[in-house]
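Engineer: Have a look at this one.
The values are calculated or read from the model by the stated rules, or taken from the named source; none is laboratory data. These numbers were taken from a predicted model, which means no experiment stands behind them. Please note: Cβ atoms are built from the backbone with ideal geometry, for glycine as well, and neighbour counts cover all protein chains shown. Ligands, DNA and RNA are stripped out before the accessible areas are found, and what is left, the full protein with its side chains, is counted by its heavy atoms. Shrake-Rupley method; radii C 1.70, N 1.55, O 1.52, S 1.80 Å.
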Amino acid sequence: MSERDNPLRPLLGTLVDTKDLADDIKLFQIELNGDRFEYQPGQFAFVSAFGVGEAPFGLASVSSRTPALEFAINRIGTVTSALHGLERGAVVGVRGPLGNAFPLDEMQGKNVVVLGGGIGGAPLRPVIHTILDNRPDYGHLDILWAARSPSLLVFTDEYDDWRSAPDTELHLTVDKGDSDWTGNVGLITGLLEKAAPSPEDAVAIICGPPIMIKFTVLTLQKLGFTAEQMIMTLEAKMKCGIGKCGRCNLGEKFVCLDGPVFSYAQVSHFLESFV
Ligand code: FES
């Protein structure tokens with residue numbers, strides 16, 4: 001096997017910019033140093049801070065909008081703290097793209113409900129961008145976007161674009177408001193009950209912490225969504241990302257290899273133990 005074919009060997013990239021997204025959350029924009037990297041919404045990659053380690057992140061960009069690979073990274077551990085400490089121009093490693101993708105082709109012609117919780121919503125941004133950039137191909141778009149507090153809402157600078165797109169509604173909520181917040185306060189499940197999207201010809205895409213996925217599924221079921229109409233991307237402890245280490249298994253499935261995108265029909269019997 002050549003070094004280039006070794007799936008555990010990262011490609012080299014340059015950190016071309018970062019943007020503050022929310023408290024302790026930055027958008028990292030990385031351009032590869034010459035390598036090709038073709039990816040689809042829903043896939044993920046490991047990003048490494050050399051000398052410290054690597055961690056997996058969902059790709060938050062679409063290649064039709066930017067040459068950079070974008071990742072929303074929360075400073076919560078050793079690797080993410082090291083990445084947050086890097087200056088523009090730093091060399092990083094990128095290993096991927098890994099995993100499967102959202103079934104955007106099969107979703108064409110359908111109404112779409114996107115449900116994002118906190119930074120977990122970052123992998124949904126490519127779904128939103130794809131639909132907005134190909135608006136006639138999809139039905140009504142409801143975006144339900146939640147965070148624990150207003151300062152933790154991500155991609156706030158894009159909300160006006162999302163709201164003003166044809167046949168598109170953005171619904172925001174926070175668990176706890178602040179003195180400036182005039183929007184909805186409460187869990188995403190309450191917001192979903194208020195928006196009450198019809199399950200007819202619809203698909204719901206969910207991304208967020210496991211507990212949010214669990215209760216969002218219950219609310220969607222009350223609205224009449226079937227297990228096949230609910231698509232989710234799951235988080236798991238990962239080491240190799242290529243189906244070799246066994247860290248990310250969910251029953252007989254590997255989140256890194258068979259996912260991270262699953263329909264609820266595929267994982268409903270595992271999800272209880274997963275959350
Ligand atoms: S991360 Fe190693 S098998 Fe999935």
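Engineer: Full-extension gain between Glu193 and Phe50, please, as 0.36 nm times their residue separation minus the C-alpha to C-alpha distance.
Structural biologist: Here the segment from Glu193 to Phe50 would lengthen by 46.9 nm.
Engineer: At a 1.4 Å probe radius, carbon and sulfur cover how many percent of the accessible area of the chain?
Structural biologist: Carbon and sulfur: 48 percent of the exposed surface of the chain.
Engineer: Tell me the per residue accessible area of the chain using a 1.4 Å probe; a whole number in Å² is fine.
Structural biologist: Roughly 46 Å² per residue, with all protein chains present.
Engineer: Find, to one decimal place in angstroms, the Kirkwood hydrodynamic radius of region 163-275, where the mean of 1/r is taken over every pair of different Cα atoms and then inverted.
Structural biologist: Kirkwood hydrodynamic radius for region 163-275: 15.7 Å.
Engineer: With each label point set 7 Å from Cα along the Cα-Cβ vector, what nm distance links Ile76 and Tyr159?
Structural biologist: 2.2 nm
Engineer: Name the helices (complete DSSP H segments) of the chain with a Cα length along the long axis of 18 Å or more and a Kyte-Doolittle mean of at least 1.0, or state none.
Structural biologist: Helices passing the filter in the chain: 210-223.
Engineer: For Lys19, list the aspartates and glutamates whose Cα falls under 17 Å from its own Cα; do not include residues on the same chain fewer than 8 positions away.
Structural biologist: Glu31, Glu70, Glu87, Asp157, Glu158
Engineer: On to the next question. Loop only by DSSP, 11 or fewer other Cβ within 10 Å of the Cβ. Give me the GluC sites (Glu not before Pro) in region 1-54 that pass, ordered by residue number.
Structural biologist: Sparse-neighbourhood loop GluC sites (Glu not before Pro): Glu38.
Engineer: At Lys244 and Asp24, where each label point lies 7 Å from the Cα along Cα→Cβ, what is the point-to-point distance in nanometres?
Structural biologist: Once both label points are built, they end up 3.3 nm from each other.
Engineer: Contour minus end-to-end for Asp175 and Phe270, with contour as 0.36 nm per residue of separation and end-to-end as the Cα-Cα distance?
Structural biologist: Taking 0.36 nm per residue and subtracting the Cα distance, the gain is 31.5 nm.
Engineer: With 22 Å as the cut-off, how large is the P(r) tail for region 3-98, expressed as percent of Cα-Cα pairs?
Structural biologist: Considering region 3-98, 19 percent of its Cα-Cα pairs are separated by more than 22 Å.
Engineer: Over the Cα atoms of region 179-238, what is the Rg over Rh ratio if Rh follows Kirkwood?
Structural biologist: Over the Cα atoms of region 179-238, Rg/Rh equals 1.03.
Engineer: Let me ask you something else. Would you list, by chain and number, the lysines whose Cα falls below 28 Å from the Cα of Lys244, excluding same-chain residues fewer than 8 positions away?
Structural biologist: Hits, sequence-local ones excluded: Lys214, Lys253.
Engineer: Using mean Cβ contacts within 10 Å as the protection proxy, how do 74-87, 200-213, 108-121, 173-186 order, highest first?
Structural biologist: 108-121, 200-213, 74-87, 173-186
Engineer: At a temperature of 20 °C and a viscosity of 1.002 mPa s, determine how fast the chain diffuses translationally according to Stokes-Einstein, using the Kirkwood radius over alpha-carbon pairs as Rh; express D in µm²/s, rounded to the nearest whole number.
Structural biologist: D, rounded to a whole number, is 112 µm²/s.
Engineer: Can I ask one more? Can you list the trypsin sites (Lys or Arg not before Pro) in region 192-275 that are in a DSSP coil and have 15 or fewer other beta carbons within 10 angstrom?
Structural biologist: Lys237, Lys239, Lys244, Arg247
Engineer: Here's a follow-up. What order do Arg148, Arg65 take when sorted by accessible area (1.4 Å probe), most exposed first?
Structural biologist: Largest accessible area first, the list is Arg148, Arg65.
Engineer: List the aspartates and glutamates whose Cα lies under 17 Å from the Cα of Lys237, skipping any in the same chain that are fewer than 8 positions away.
Structural biologist: Leaving aside aspartates and glutamates fewer than 8 places away in the same chain, those within reach of Lys237 are Glu54, Glu252, Asp258, Glu272.
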